[in-house]
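The values are calculated or read from the model by the stated rules, or taken from the named source; none is laboratory data. All figures in this text were calculated on a predicted structure; none of them were measured in a lab. Methodologically, a virtual Cβ is constructed for each residue, glycine included, from the backbone with ideal geometry; neighbour enumeration extends over all protein chains shown. Surface areas here come from the heavy atoms of the whole protein model, side chains and all, with no ligands, DNA or RNA. Shrake-Rupley method; radii C 1.70, N 1.55, O 1.52, S 1.80 Å.
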Amino acid sequence: MLLGAFLDAGADLAAVNAAVAAVDPSLSVTIEQTSRHQIAATKASVRVEGDLHPENFPDAAPSPAAPDAGHDQGHGHGHGHDEAGHGHGHDGGAGSGDGGGRPTRTWAEVRRLIEGAGLADAVRSRALDTFARLARAEASAHGVEPDAVHFHEVGALDAIADIVGVAAASVSLELDRIVVSTISLGGGRQVRGQHGGIPVPGPAVLHLLSEAEAPVVGGTAPYEMTTPTGAALLASLSDEFGLMPPMRIEQTGVGAGGRDPVEVPNIVRVVIGESITQPNTELVYETNVDDLDPRIWPQVLSRLMEAGAADAWLTPILMKKGRPAHTLSVLVSSSNAEVVRSVILAETSAIGLREIAIRKHAADREFASVEVEGQSIHVKIARYGGQVVNVQPEYDDVAAAATVLKKPVKTILAKAIAAGHDLWS
């Protein structure tokens, strides 16, 4: 379903087929147009030796309780939005076998297969990351080491084609950022896996999405809506989780699953667009501190400025019980907020902060230089409404010039201000 959505959104089918054939020359991917709940969608199918793999036939899946409906969500080009699950219960293709006719592969075998394939580095990296996540999840579910995990459902060639195909498709779209929104897991009756009954959501799915810190919801359908393969792909693809970010839509893609349940349209959606840059929110962090050696404050203020604060200052206050203290105030943009918070909590004795969102109005600024007795001094020029409203020499330059000239700072400052008079225009 993810593969169909990416291909519908413009991913390169030739690149996908080159990647899956590099893993095994018997593999290929074809697409066809279909619909789910009267929504047009693209169905991607894996073929082995030119024939449709049994997993592509809805009635061929071993579990009668797990239609691959879904409602997970993701984003592309920097951003996007999908809804969906992924197929489960794969079988077929080569493998070591489990004595019951089903092919299996250990994580080590899958890793060697992908590492030995002629894949682009980005495709190989994403495919390996997806399988590594699956191995960790299955190991946790069964209480074994990851390298001892035998992939029953996902170790077969068709599932390898799914994962490598999605990796190749996403790379071909050249997305800058992928955002995945809340993932629906489903619930209700158990599905039948290789190891017997599995509760919905399955333990591997829960481990995968817990590890990825993904937001989840039970969903509206009484069956598995997100499988381990789907969860691993979403976790690997995502740069972050959240709502669809501000964007101008450029392309959309809809991928169809094999079944057509009545509860929800069995589709994945991807929305690709150009990010709309939002102005940074300006914040002020404040905290009252009464137990810090005052000799430390200059270093704290210096560290905050290095961390990206626009300004930082101290205000003497008197706290309860007459204790003298300081209020530390830090002005910072939202993009640097996390780093600044870390500095405050690490460098001071504060154990909490107040966050105040503010609106900032700033004059346009530019720099020029003036010469005072042979010394160059930078001057900051502020304009508002196209008019110069302030011309101020840079104090550090003034102090440095005073040291070189062996004259008082106040003398050099006065001369720098006078030299900057002509800049008021």
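Values for this structure:
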{"read-out": "Relative contact order (%) - criterion: Cα under 8 Å, at least six apart; region: the stretch 312-420", "value": "15"}
{"read-out": "Accessible area in the full protein assembly, largest first, 1.4 Å probe, for Trp424, Trp297", "value": "Trp424, Trp297"}
{"read-out": "Label zone at His421, where the point sits 7 Å out along the Cα-to-Cβ direction: the stretch 377-402 residues whose backbone N lies under 17 Å", "value": "390-393"}
{"read-out": "Estimated FRET transfer efficiency when R0 is 45 angstrom, pair Asn390-Gln33 (beta carbons, to 0.05)", "value": "0.10"}
{"read-out": "Those aspartates and glutamates that a straight Cα-Cα span of less than 12 Å connects to Lys406, excepting residues fewer than 8 apart in one chain", "value": "Glu373"}
{"read-out": "Heavy-atom accessible surface of the stretch 216-372: percent carbon and sulfur, 1.4 Å", "value": "51"}
{"read-out": "Residue-normalised accessible area of the stretch 277-425, expressed per residue, 1.4 Å probe, Å²", "value": "63"}
{"read-out": "For the stretch 200-265, accessible area per residue (1.4 Å probe, heavy atoms of protein chains only), Å²", "value": "42"}
{"read-out": "Straight-distance crosslink candidates among lysines, where the alpha carbon sits under 28 Å from Lys360 and sequence neighbours closer than 8 are dropped", "value": "Lys380"}
